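Reading through the structure tokens given below for one structure.
Each value in this text was obtained by applying a stated rule to the coordinates, not by laboratory testing. Please read all numbers here as calculations on a predicted model, not as lab measurements. Because the Cβ atoms are built from the backbone with ideal geometry, glycine has one as well, and the counts that use them run over all protein chains shown.
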Amino acid sequence: MPDIPLTLPQRQFVFSEEPYPAIVGGLGSGKTRAGTMRAVLLLLQNKGVNVGIFLPTYDLLRLRAMPGVEEDLAMMGLKFHVNKSEFKIDVAGYGFIIFRSYDNPSKIVSFEVAHSIVDEIDTLPMDKAALVWRKITERTRQKFDGKNTIGVVTTPDNGINGFVYHKWVKLQQKGYVLYKASTYSNPFLPKDYAEQILANYDPVLAELYLLGDFVSLNKNKVYHFFDRKKHHVQRVLNEHDTLIHIGLDFNIGGTCAVVFVIDNNVPIAVDEFVSHDTQDFINNLTRYENKKIIIYPDASGKASRTNASQSDIGMIRQAGYQLQYNPINPAVRDRINSYNGLLSHGRFFINTDKCPNLTNALETQGYDDRLEPEKFNTHPAIDDWVDSSGYFIAFKFPVIHNRPNLAQITGI
């Protein structure tokens, strides 16, 4: 078997004999490779057992986990057969590596494994992560001449409020051992990889995603980098603005729209208005005559209906306006990260006089008891304004996650 190069954190995790080892690290630190290598090692050490690898979606299993295991097995000269339809790999003479998604925890049933690797569990809210953990522990019960283990591989996405911090740091339970891996521990990344993360994320998240540190993500307001003086400009719409961008949040009685221009690749909020419903919103667009308008709506408007025959988005399209949106709304976390990334790097501005509601929302929205951004039942509300502008920000200026593929980390 060839000598497989591993970083120190990877080696500590791969060869750990603890029942619940976790490697928590930054983006590109080699966590996923540590997970696949541990899965293969456990299979080789315990002939006849099965090992499970769990990820949030089947797309990630198909694109990341399975190719990673195949590469590891080929590197070791082992014979194997891939069953893509059943998401498992048969390693000749040893056992199966079974791949499962935990997007629907109730479907983690009807199989047993001796060992499990759980990848990116800290991307989940605390309650769902706890449920996923319980379901996986129920499956990790295959009997063999040894002890069952569950290893965790993750970025600390929820910081000190997340499942991993609670389970591995706060509770101080026996057998729960934490290994930290920073992005800088991986010598095989592109030279400018860390610089890209620093440029895309606000300083708090950059610390999380580079060092793998557990940080506080809600010690202040949601948009904690917003400063009405620092981010204010006197910019207004003028006759030279031929193109405007409008972020839109659908609500009966309070459809909120924020109008942006883009100067030198910097978004500037220059106007806002409220409409009663989608038809009223369309009528209000006549105020921007002689301008090309691109609308960035709440994607759920595909299904919402202001009238009996058309979706809200369909009504806007039929009125002749261009729309840009993803089939599914970006995660709330991604919208917030995009916003805070621009704010912290001085790449977002707002005319606070023309946009008083958005200004107030950015200054005041906090977190609720579940550590999620506050939501309100009456409309318009502060969350409607940050949502409407956030759809535009997340679409035009998304955070680039910079999660490298295996080809970028050859050797680890």
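Placing R0 at 30 angstrom, the Cβ-Cβ distance between residue 192 and residue 334 gives a FRET efficiency of 0.85 after rounding to 0.05. Put a dot 7 Å past the Cα of residue 321, heading toward its Cβ, do the same for residue 240, and the two dots end up 2.6 nm apart. Taking the DSSP bridge list for the stretch 243-396 and keeping only pairs wholly inside it, about 60 percent are antiparallel. With the charge dipole of the stretch 243-396 set up from +1 on Lys and Arg Cβ and -1 on Asp and Glu Cβ about the Cα centre, the Cα lying farthest toward the positive end among the listed residues 342, 324, 394 is that of 324. For the stretch 319-338, backbone nitrogen atoms closer than 13 Å to the point 7 Å from residue 262 Cα along Cα-to-C-beta are found at 324-325.
From the residues 194, 44, 232, which one has its Cα farthest along the dipole of the chain in the positive direction, the dipole being from +1 and -1 charges on Cβ of Lys/Arg and Asp/Glu about the Cα centre? In the chain, that residue is 44. In plain terms, the chain from residue 110 to residue 283 could stretch by 56.7 nm, reckoned as 0.36 nm per residue minus the Cα-Cα distance.
Could you tell me whether the stretch 243-396 comes out rounded, prolate or oblate from its Cα gyration tensor? Rule is a ≥ b ≥ c as square roots of the eigenvalues, rounded for a/c under 1.5, then prolate if a/b exceeds b/c, otherwise oblate. Note, shape of the stretch 243-396 comes out oblate. What is the magnitude of the charge dipole of the stretch 98-228 about its Cα centre, with +1 placed on the Cβ of each Lys and Arg, -1 on the Cβ of each Asp and Glu, and no other charges, expressed in debye to the nearest 20? Computed charge dipole of the stretch 98-228: roughly 660 debye.
Report, in degrees rounded to the nearest 10, the 0 to 90 angle that the Cα long axis of helix 66-75 makes with the longest principal axis of the chain. With both axes taken from Cα atoms, the answer is about 40 degrees. Distance from the alpha carbon centroid of the stretch 366-385 to that of the stretch 242-283 works out to 19 angstrom.
Residues within the reach of a label modelled at residue 103 (point 7 angstrom out along Cα to beta-carbon, backbone nitrogen below 14 Å), restricted to the stretch 61-95, are 61-64. Sorted ascending by nearby beta carbons within 10 Å, beginning with the fewest, 385, 133 become 133, 385. Within the chain, antiparallel bridges make up roughly 40 percent of the DSSP beta bridges whose residues both belong there.
Spin-label pair residue 47-residue 127: with each label point 7 Å from Cα along the Cα-Cβ axis, the two points sit 4.8 nm from one another. Distance between the 7 Å Cα→Cβ label points at residue 291 and residue 144: 6.4 nm. Given +1 at the Cβ of Lys and Arg, -1 at the Cβ of Asp and Glu and no other charges, the dipole of the chain around its Cα centre is 1120 debye to the nearest 20.
Computed about its Cα centre, the charge dipole of the stretch 8-217 is approximately 720 debye, with only Lys, Arg, Asp and Glu carrying charge at their Cβ. Mean sequence separation of contacting Cα pairs (under 8 Å, at least six apart), scaled by the length of the chain, corresponds to a relative contact order of 18 percent. Taking only DSSP H segments of four or more residues, each worth -39500 (n - 2.57), what value at 222 nm results for the chain once the sum is divided by all its residues, to the nearest 500 deg cm²/dmol? Value at 222 nm, helices only: -8000 deg cm²/dmol. Could you name the lysines in cross-link range of residue 47, using Cα to Cα under 21 Å and dropping any fewer than eight places away on the same chain? Within the straight-line cut-off, residue 47 pairs with 79, 88, 143, 147.
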